[in-house]
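Report on one structure; see the data block that follows.
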Amino acid sequence: MAIAARLPPISDGELQKPTSRIHPFDTSNYGKLQLNNGLALTPQMGWNSWNFFACNINETVIKETADALVSSGLADLGYNYVNIDDCWSSLTRNTKGELVPDPKTFPSGIKDLADYVHNKGLKLGIYSDAGVFTCQVRPGSLYHENADADIFASWGVDYLKYDNCYNLGIKPEKRYPPMREALNSSGRTIFYSLCEWGVDNPALWASKVGNSWRTTDDISDSWVSMTTIADLNDKWASYAGPGGWNDPDMLEVGNGGMSYVEYRAHFSIWALMKAPLLIGCDVRNMTSETLEILSNEEVISVNQDPLGVQGRKVSVEGKDGCSQVWAGPLSKNRLVVALWNRCSEAVTITSKLETLGLDATATFSVRNLWKHETLAENVSGTLGAQVDVHDCKMYILSPTCSHAIS
C-alpha cells in the first residue's frame, strides 16, 4: 500500500470543531462544562487498586505500583494517577473526628505515601464516599466534607474518587456538590471523580460538579459486563468534553477474565469513548500482551486528543446487532473508526464514509492503530475489513484534501 502523505501541522488555535455535516455526533453540549478547575482537559489516566486488589491493599503495594508504572514506561505515556480505592482508612474516625489511615496497612500515613509518589513524578489519588460509610463500611464523608477535603489537601492528595454507598436516600444532586465546594476551598487543586453509578443520570448535571462521573454500575472482568457497560455509556456521548468525562468504570485489561482480542477491543472502545484510562490490573506482574495493549501510543492519542469529543456507536448490523461501527471526530479534521465484532463468528464489517459524516467525494488515508501501518492513502466510498470473533479493528482516517471533513 502507498504511504499517506503527511498533513501539514495545525496549531491548537486552528483545531476544527465538528459541524453539522458530521451528523452522527451531537456536540450541542460541547464547551458547556462549568466546573473549570483547570483539570481533565483530556480524560484522566493512571491506575486504581480496586479491580485487582479490592481490600487487600497496603502502602507497599501502592509504592511498588508507582515504581512499576515508571519502570514499565507507562508513566511516560500519561498514566500518572496512582489511586487508592476503598479500605485505606481505619474503621472509625479519631477523637477529633478526622479520617485516619489504617495503622496496620498504611503505618507511614498518606502524607508519606504522597511524597513517595510525587517523587516519582506521579500523583496520588484517594477514595471516600458521599454517604455515612464507604461501600466497605469505613467512615464516609457525608456531613464531613470540609474537614475531609482539608485533610486530603494537607496530605498532598491529587485525586478523589467519591462513591455512593450508605447515602441515607439523599439525592446525589444534593450530596455531591458540598464536596466540590470543600475541595475548591481546600487550597489544593484536586481532581474530583464522582462514582454515582449512573443512578440519577449524572451526565445531565455532574459537569457542574466534577471532572468525571460514573455512568454505569461497576464493571467486572467479563465480556458480557464490558460490552453492556460500553452500550450504557454510549448514550451519554454528547455530554462529555474537556473538563468533564463520562466514566464507564476502570479497565479490566490484564486481569484474566477475557481473551487478548477482547481486552484489545475493551481498550480500543474505552479510548474512542474518551473514557478515563485507569489501569485495573497488577502492573507489577503484567504479561507482555497486557503491556502491549496498555502502551499503544496511537490508541492512547485517540483518548487524549485535544478536540475532546466522545466517539460513539454509529451503526449496528447482523444478528442481534453484533456487527458494529463506532467512530468519533478528532483534531486536525481526522476521524477515528472502530469496526467491532461482537458476534460469535468472524464477520466482514463495512461502513459508508458518508454515514460517518464524511464527504462522499473525498479521499482519505487510513492508519491501522494496532498494526501501526498506513494501509492506503486514497480510500473513498466505504471502509471495510474482516474482523475476527470479539476483535476490534481501529483506524484513523485523515483527509487527503482540505474539504474532506467540513
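The values are calculated or read from the model by the stated rules, or taken from the named source; none is laboratory data. Just so it is clear, the model here is predicted, and its values are computed rather than measured. Methodologically, a virtual Cβ is constructed for each residue, glycine included, from the backbone with ideal geometry; neighbour enumeration extends over all protein chains shown. To get the accessible areas, we keep the full protein, side chains included, count just its heavy atoms, and leave off ligands, DNA and RNA. Shrake-Rupley method; radii C 1.70, N 1.55, O 1.52, S 1.80 Å.
Under 5 Å between amide hydrogens, built in the peptide plane, is the criterion, and for Ser89 it picks out Asp102 among residues at least 5 positions away or on other chains. Dipole orientation for the chain: of the candidates Leu183, Met226, Thr350, Leu183 has the Cα lying most toward the positive pole (charges on Cβ; Lys, Arg +1; Asp, Glu -1).
Cysteine residues of the chain whose Cβ has no partner cysteine Cβ closer than 4.7 Å: Cys195, Cys281, Cys392, Cys401. The alpha-carbon of Lys161 sits under 14 angstrom from the alpha-carbons of these aspartates and glutamates, leaving out residues fewer than 8 places away in its chain: Asp85, Asp86, Asp129, Glu145, Asp148, Glu196, Asp218, Asp247, Asp249.
If the chain linking Lys235 and Asn285 were pulled fully straight, counting 0.36 nm for each residue of separation and taking away their Cα-Cα distance, it would gain 14.5 nm. Can you tell me the relative contact order of the chain? Whole percent, Cα pairs under 8 Å, sequence separation 6 or more. Once divided by the residue count of the chain, the mean separation gives 18 percent. Given +1 at the Cβ of Lys and Arg, -1 at the Cβ of Asp and Glu and no other charges, the dipole of segment 195-325 around its Cα centre is 380 debye to the nearest 20.
For the Cα trace of segment 34-155, dividing Rg by the Kirkwood Rh returns an Rg/Rh value of 0.97.
Computing the accessible area with a 1.4 Å probe over protein heavy atoms, can you report the carbon and sulfur percentage for segment 240-370? Ligands and nucleic acids excluded, carbon and sulfur give 43 percent. When the Debye formula is applied to the Cα atoms of segment 301-396, each taken as the same point scatterer, what base-10 log of I(q)/I(0) results at q = 0.19, 0.20 Å⁻¹? The calculated log intensity ratios at q = 0.19, 0.20 Å⁻¹ are -0.92, -1.02. Pairs spanning more than 18 Å between alpha-carbon atoms, out of Lys208/Lys313; Lys63/Lys111; Lys174/Lys208; Lys332/Lys371: Lys208/Lys313; Lys332/Lys371. When only the Cβ of Lys, Arg, Asp and Glu is charged (+1, +1, -1, -1), the dipole of the chain relative to its Cα centre reaches about 860 debye.
Amide H to amide H, with H built 1.01 Å from N, Cys322 comes under 5 Å of Glu317, counting only residues 5 or more places away or on other chains.
Backbone amide hydrogens, once placed in the peptide plane, bring Val389 within less than 5 Å of Ala346, excluding anything fewer than 5 places away on its chain. Normalised by the number of residues in segment 313-406, the average gap of Cα pairs under 8 Å and 6 or more apart makes the relative contact order 32 percent. Between Asp76 and Asp112, the FRET efficiency from the beta-carbon distance, with R0 = 25 Å, is close to 0.50.
For the chain, the normalised intensity computed at q = 0.07, 0.11, 0.12 Å⁻¹ comes to -0.33, -0.79, -0.93 (log10 of I(q)/I(0), Debye sum over alpha carbons, equal scatterers, no solvent). Among the lysines, which fall within straight-line cross-link reach of Lys319, defined as a Cα-Cα distance under 22 Å, with same-chain neighbours fewer than 8 residues apart omitted? By straight Cα distance, Lys319 reaches Lys235, Lys352, Lys393.
Taken over the C-alpha atoms, segment 246-318 has Rg and Dmax values of 12.7, 41 angstrom. Sorted from greatest to least, the principal axis extents spanned by the alpha carbons of segment 150-277 come out as 45, 30, 29 Å. In the chain, the DSSP beta bridges split such that about 60 percent are antiparallel, to the nearest 5.
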